[in-house]
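Quick notes on the structure that follows.
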Amino acid sequence: MKIYKLPSGTLLQFENQAFFGPELNWDDLLAKENLKDYLNSESKSWEAITSEKADDLLSKGILAPMGNQEIWAAGVTYYRSRTARMEESQDAGGADFYDKVYHADRPELFFKATASRVSAPGSAVNIRKDSTWDVPEPELTLVISPSGKIQGYTCGNDMSSRSIEGENPLYLPQAKVYAGSAAIGPCLLITDEAIEVTATINLEIYRDDALAFAGECPLTQLKRKPKELADWLFRGNTFPIGCFLMTGTGIVPDDFTLEVGDKVRIGIDEVGVLENFIEKI
């Protein structure tokens, strides 16, 4: 099932049906350990609507499907990301770090965003004024309960300054964490099943309505399984209202940097398409 957070309420879609319900407290919602069962039960009292009505509601705008959950991220989980990070940090002497973490038992995990730094679908994500090389990073993002259970998935955009991180790996927080540095959506895919490994992540970047970059990456290239990453995140951490975990990217645009006005589209099979445009902060 898919759940959308709307300005006027909540939309739930499953089994070719659509239900419109009230605004929810998403802190309480994502703190529930059996989210799929809860939504199944709650939707029985919601209004059944047509697919046309659902499309009309979605056309009026979508909010980021979250409350005050933290977003964390994993790095160097794809070979392509390892190689790109080694290349960009070569002059700073940090290349070996990325190679070592790719092969290590312990993954790279870092704090990405509070809710105030997360952009809604259709709104702006930011590049930094003090950066010269900026890219979106399309990532499968996990919806995790307080006990560490993966309850669903969404599309994530882990905006990144490659010039800042490449100058020195210790600048990672500045390259990754700032206002408008992340987006998730358009919905949450709530399921008890693991996402299909045959699913593909797609990235398209448009400039002046023309396709400027396109890439895709199957989840089979993800070195570390989602459950493994979630387990590491919960070592020494607690998340009373649940959390999100971006699982890394296998698509890294080379010889390309984002510009103000660009449009970024991130699609994941089974989940949907997350679209944002670029501004500068």
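The values are calculated or read from the model by the stated rules, or taken from the named source; none is laboratory data. For clarity, every value in this text was computed on a predicted model and none was experimentally measured. Here the Cβ positions follow ideal geometry from the backbone for every residue, glycine too, while neighbour counts run over all protein chains shown. Remember, those area values only see protein heavy atoms, side chains included, never the ligands or the DNA or RNA. Shrake-Rupley method; radii C 1.70, N 1.55, O 1.52, S 1.80 Å.
The label point for L211 and the one for R106, both projected 7 Å from the Cα toward the Cβ, are 4.3 nm apart. Among the listed pairs K149/K223; K112/K280; K53/K112; K100/K176; K36/K227, those with a Cα-Cα distance over 24 Å are K53/K112. Treat the stretch 170-281 as a sphere of radius equal to its Kirkwood radius over Cα pairs and apply Stokes-Einstein at 20 °C in a medium of 1.002 mPa s; give the translational diffusion coefficient in µm²/s, rounded to a whole number. Once the numbers are plugged in, D ends up at 132 µm²/s.
Label-to-label distance, S45 versus T257, with points set 7 angstrom from Cα along the beta-carbon direction: 5.4 nm. Phi angles across the stretch 239-250 convert, under the Karplus curve 6.51 cos²θ - 1.76 cosθ + 1.60 with θ = phi - 60°, into 3J(HN,Hα) values of 9, x, 10, x, 7, 10, 9, 6, 9, x, 10, x Hz, Gly and Pro given as x.
Charge dipole of the chain (Cα centre as origin; +1 on each Lys and Arg Cβ, -1 on each Asp and Glu Cβ, all else neutral): 580 debye, rounded to the nearest 20. Placing pseudo-labels 7 Å out from each Cα toward the beta carbon at A115 and D130 gives an inter-label distance of 2.9 nm. How many percent of the accessible area of the stretch 130-275 is carbon or sulfur, using a 1.4 Å probe? Carbon and sulfur: 50 percent of the exposed surface of the stretch 130-275. The heavy atoms of K32 offer some 70 square angstrom of accessible surface to a 1.4 angstrom probe. Given +1 at the Cβ of Lys and Arg, -1 at the Cβ of Asp and Glu and no other charges, the dipole of the stretch 167-252 around its Cα centre is 400 debye to the nearest 20. Heavy-atom accessible area for R117, with the other protein chains in place and a 1.4 Å probe, reaches approximately 80 Å². Estimated purely from DSSP H runs of n ≥ 4, each contributing -39500 (n - 2.57), the mean residue ellipticity at 222 nm for the chain is -5500 deg cm²/dmol once divided by its residues. Using the 1.4 Å probe convention, the accessible area of the stretch 94-167 works out to 35 Å² per residue with neighbouring protein chains retained. Residues in the stretch 190-200 carry Karplus couplings, in order, of 9, 7, 8, 9, 5, 5, 4, 5, 7, 4, 10 Hz; the curve used is 6.51 cos²θ - 1.76 cosθ + 1.60 with θ = phi - 60°, and Gly or Pro positions show x.
The listed residues S161, S45 rank as S45, S161 when sorted by accessible area, largest first, using a 1.4 Å probe.
Highest mobility in the GNM of the chain, judged by mean-square fluctuation with C-alpha springs under 10 Å and restricted to I268, I144, I241, is found for I241.
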